[in-house]
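Structure, as structure tokens:
Where a number appears in this text, it was derived from the coordinates with a stated rule and is not lab data. Note that the coordinates shown come from a computational prediction; the quantities given were computed from them, not determined experimentally. Here the Cβ is made from the backbone with ideal geometry for all residues, glycine too, and neighbour counts use every protein chain on show.
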Amino acid sequence: MEKESGYTWKLGMFVSVGLLLFIMAIYFIGKQKNLFGQTFHISSKFKTVSGLEVGNNVRFSGINIGTVEEIRIINDSSVIVSMVIKDEIRKFIKTDARASIGSDGLMGDKVLTISPGPKSTKIIEDNGAIASIDGIEMNDIMKSVKKSVDNVGVISEELAIFSQSMNNGNGALARLVRDDKMANSVSNTLSNLESGTKGFSENMEAAKSNFLFRGYFKKKEKEKEKKQEELKDKKEEQQEKEVKEKAAKEKEEKAKEEKAKEEKEKQEKQKAEDAKKEPEKKQ
Amino acid sequence: MILSLKNTFSQIGSATLFASRFFKEIIMPPYETKEFLKQCYAIGYKSFPLVAITGFIMGLVLTIQSRPTLVTFGAESWLPGMVALSLIREIAPVITALICAGKISSGIGAELGSMKVTEQIDAMEVSAINPYKYLVVTRILACTLMVPILVFFADAIGILGGYAGINIHGDVNFRRYLTQIIQSLEFLDVIPATIKTFFFGFFIGMIGCFKGFNASNGTESVGKAANSAVVTASLSIFIIDMVAVQITDLFF
Amino acid sequence: MIKEKKNSDPKSKDKNQTPIIEIKNLHKTFGGDNEVLKGINLTVNKGEDLVILGRSGSGKSVTIKCIVGLIEPDQGEIKVFDENVLNLSKEELNKIRVKIGFLFQSAALYDSMSVRENLALTLTAHKRDLSPNEVENEVMEALENVGLSDAIDKMPSELSGGMRKRIGLARTLILKPEIILYDEPTTGLDTITSREISELILDIKHKQKTSSIIITHDMACAKMTADRIMVLKDGVIHTEGTYEELEKDEDEWVRSFFESVKL
């Protein structure tokens with residue numbers, strides 16, 4: 001008899017520890033999946049779930065608070081996702097919370113993230129529904145990223161050329177930027193020009209007012225325009241020869257600069273003419 | 001060739017009859033509870049050290065072996081989950097079953113074989129003890145119930161071995177390790193694997209008993225019975241495993 | 001010259017005795033062409049010890065194994081306690097088996113159990129409601145019958161050949177059988193131990209009032225235990241009679257047994 005009890009307790013211990021291990025495993029896995037303990041359900045409607053699956057985690061503030069319980073398609077453009085969430089979290093989820101679907105890690109396990117809403121203070125009910133932010137599809141992201149990356153490429157290339165010409169080129173603007181003297185002289189020139197044109201314009205007004213000179217003036221104006229056109233072309237050619245590496249952009253820039261100057265001059269001339277014409281009319 | 005094929009089929013046929021007799025006899029009283037407990041002790045408790053050592057080594061080795069690959073992918077943090085998953089789903093059940101086939105199946109085969117040869121089974125028969133019930137039913141039942149428990153132990157000890165393996169290269173908190181494992185597990189990993197082990201246990205016991213019970217006369221046949229019990233049981237474990245995995249795959 | 005007493009009816013010899021085992025025209029063939037029994041007819045009366053003599057392979061063991069249903073004969077009739085063993089269901093057969101003790105050639109003790117468990121298992125298999133104390137008492141009584149009560153806690157592997165046979169006998173005795181079948185009880189033992197076993201067989205016969213069939217080729221044992229002797233040759237009963245009758249028999253086959261004793 002004593003021999004019998006000698007093995008019985010060992011057997012009993014063996015069996016109970018073994019079963020305990022199994023029950024513990026079941027319990028902990030169940031706990032992980034929210035099978036035990038208080039839970040509540042909420043649901044949310046999505047256009048697409050981007051591969052979310054039943055059993056994926058639900059996160060709130062970055063914490064796993066539950067799992068996706070059911071994914072049900074109701075029509076061609078909406079899917080209802082219902083989830084089980086620990087009851088203790090419920091007080092933090094308000095009615096205006098929003099659900100979104102994202103990826104977890106590089107390998108792309110999907111997670112459903114609940115983000116708190118801006119203002120509501122009403123706690124969500126069991127079986128309640130929350131709004132969803134539509135998941136951004138990876139394709140869309142890739143498309144927009146590609147577009148902006150392309151743009152950035154073009155911009156940075158242009159920027160590089162521009163800044164190089166600014167630093168090394170001999171263009172007017174470059175010199176203007178680099179050279180103090182030049183800047184001063186330009187401003188002097190401008191002020192001289194201003195005062196000079198005033199006097200000139202007076203004379204001209206007088207000349208113009210004479211109708212005999214009117215035709216001449218017009219002719220002169222046209223010639224001037226032509227001359228300047230030629231001058232511009234020449235200059236461009238020169239520059240191309242000088243700095244072949246410099247791209248067309250710079251030329252344009254310079255041309256623009258030139259044009260702007262021309263414009264100014266023209267305008268001033270026009271003004272002067274106008275000023276001459278005015279007294280003419282009055283007369 | 002044809003003769004050996006015919007032999008194989010007749011073996012399978014009589015094994016099937018033998019197994020079906022188990023289900024008939026198990027429900028009919030009297031129940032040999034005492035002998036059953038004794039067999040549980042001999043099969044379960046006595047095999048525990050062997051299973052524990054194997055389980056520990058499997059966990060340790062699996063961790064060390066999987067580590068380099070996972071490190072290549074920068075997924076080192078998956079190591080506990082992966083080791084636990086492969087242990088629980090496949091390695092622990094199969095390795096434990098193979099160990100049991102080696103230890104239990106051959107033991108039963110040799111024991112019953114020698115009982116057969118020395119007329120002990122006949123002696124039971126003539127003293128109106130049902131030898132099938134007393135020897136076979138108790139052993140098969142004990143095997144069917146003890147092998148799953150041994151597998152639970154192998155799982156747990158294998159996970160401990162994995163922890164040891166992880167700590168060779170880094171320092172992981174044990175709680176963190178367990179949490180990672182639990183997080184990576186689902187019922188689908190545990191339940192089919194557990195159901196599978198019952199079949200392993202049944203076949204280990206059944207094949208051992210069948211080979212021993214049908215040993216022909218002569219001492220030589222005892223060795224033959226033990227040997228062919230191990231071979232057949234090991235083979236059938238792999239076949240059951242394949243079937244079980246396919247069924248699991250089919251339904252889930 | 002050959003005095004065959006085939007198909008002799010023992011009832012005609014002694015009408016007062018009631019037959020307890022009757023075997024008629026028993027045939028058994030092994031493996032298709034090995035005909036071991038070719039029509040055995042024998043009767044054992046109540047309280048009688050029948051010795052079956054025969055050389056190895058003459059079908060002695062097969063005959064008694066047929067009686068307890070271990071081997072199913074191809075043809076023939078076996079009646080034990082007036083019931084045809086061959087037509088019985090498993091349960092009915094077991095009821096008869098309880099009344100028949102069978103001592104195997106190798107004693108067939110259960111190796112994995114102690115002597116006590118060997119005996120107790122046989123007892124409790126049929127009397128499940130016995131208290132541990134009653135079991136203990138019965139085991140002790142059976143062991144005392146064979147004079148080995150101090151071997152109760154030993155394992156079979158610790159016992160000598162003679163002790164094993166005696167424990168085997170005790171194990172059959174514990175169910176208080178009415179018939180005991182001995183399969184070569186003295187084989188493999190020295191002459192002194194053989195003599196002890198033979199004395200034990202006689203002793204049990206007187207104490208328990210059993211009938212027995214003793215299979216042997218040991219003439220000393222046969223001489224001590226036999227009320228009647230049958231000589232088996234090539235699957236049939238060759239001769240039968242008392243020891244004294246057969247001693248005077250002129251038949252060569254029978255003489256060969258007696259001469260081996262004298263040498």
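Quick notes on this structure:
- Derived scalar couplings between HN and Hα for region B:25-34 equal 6, 5, 8, 8, x, x, 9, 8, 4, 5 Hz in order, rounded to whole Hz, by the Karplus curve 6.51 cos²θ - 1.76 cosθ + 1.60 (θ = phi - 60°), x for Gly and Pro.
- Among the residues of C:129-137, the average count of other protein chain beta-carbon atoms within 10 Å of the residue beta-carbon is 0.
- Label-point gap, in nm, between A:Asp180 and C:Glu91 - each point 7 angstrom along Cα→Cβ: 12.6 nm
- For C:Ser212, residues with placed amide H under 5 Å, excluding near neighbours: C:Glu48, C:Asp49, C:Leu50, C:Ile180
- Rounded to the nearest Hz, the phi-derived 3J(HN,Hα) couplings of region C:233-246 under the Karplus curve 6.51 cos²θ - 1.76 cosθ + 1.60 (θ = phi - 60°) are 9, 6, x, 10, 6, 8, 8, 8, x, 7, 4, 5, 4, 5, where x marks glycine and proline.
- In this label model, A:Ala172 and C:Ser149 are separated by 14.0 nm, measuring between points 7 Å along each Cα→Cβ vector.
- Counts of other chain beta carbons within 10 angstrom of each beta carbon in peptide C:102-114 average 5.
- Look at the dipole of the protein assembly as shown built from charges on Cβ: of C:Ile237, B:Phe252, B:Val71, the Cα furthest out on the positive end belongs to B:Val71.
- Amide H within-cut-off set for A:Phe60, under 5 Å, with H built and near neighbours excluded: A:Ile65, A:Ile114
- Two-site FRET efficiency, A:Ile155 against A:Ile74, from Cβ-Cβ distance with R₀ of 51 Å, rounded to 0.05: 0.65
- The charge dipole of the protein assembly as shown, taken about its Cα centre with unit charges on the Cβ of Lys, Arg, Asp and Glu (plus for the first two, minus for the last two), comes to roughly 3680 debye.
- In this Cβ point-charge picture (+1 for Lys and Arg, -1 for Asp and Glu), chain B has a dipole of about 200 debye about its Cα centre.
- Couplings 3J(HN,Hα) of region B:212-222, computed from phi: x, 5, 9, 5, 7, 6, x, 5, 4, 5, 5 Hz, in residue order, whole Hz [Karplus 6.51 cos²θ - 1.76 cosθ + 1.60, θ = phi - 60°; x for Gly and Pro].
- Between C:Asn137 and A:Thr189, the distance separating the two model label sites (each 7 Å from Cα on the Cα→Cβ line) works out to 14.1 nm.
- Entries in A:Lys147/A:Lys264; C:Lys60/C:Lys205; B:Lys133/C:Lys24; B:Lys24/C:Lys209; B:Lys34/C:Lys24 that, when Cα-Cα distance is taken, lie over 31 Å: A:Lys147/A:Lys264; B:Lys133/C:Lys24; B:Lys24/C:Lys209; B:Lys34/C:Lys24
- Placing R0 at 22 angstrom, the Cβ-Cβ distance between C:Glu259 and C:Leu202 gives a FRET efficiency of 0.30 after rounding to 0.05.
- Normalised by 2.2 N^0.38 Å, where N is the number of residues, the alpha-carbon radius of gyration of region C:111-170 equals 1.05.
- Chain C: calculated mean residue ellipticity at 222 nm from DSSP helix runs of at least 4, using -39500 (n - 2.57): -11000 deg cm²/dmol
- Nearest 10 degrees, 0 to 90: helix B:174-184 Cα axis against chain B principal axis: 70 degrees
- Residues with amide H under 5 Å from that of A:Arg98, placed H, sequence gap 5 or more: A:Ser115, A:Gly117
- Length gained on full extension, B:Ala164 to B:Ile57: 37.5 nm, using 0.36 nm per residue less the C-alpha separation.
- Debye intensity ratio in log₁₀ form over the Cα atoms of the protein assembly as shown, taken at each q of 0.06 Å⁻¹: -0.65
- Ordering B:Ile43, B:Ser86, B:Thr16 by the projection of their Cα atoms onto the charge dipole of region B:1-101, which places +1 on the Cβ of Lys and Arg and -1 on the Cβ of Asp and Glu, puts B:Thr16 at the extreme positive end.
- For residues of B:39-48, the mean tally of beta carbons on other chains within 10 Å: 4
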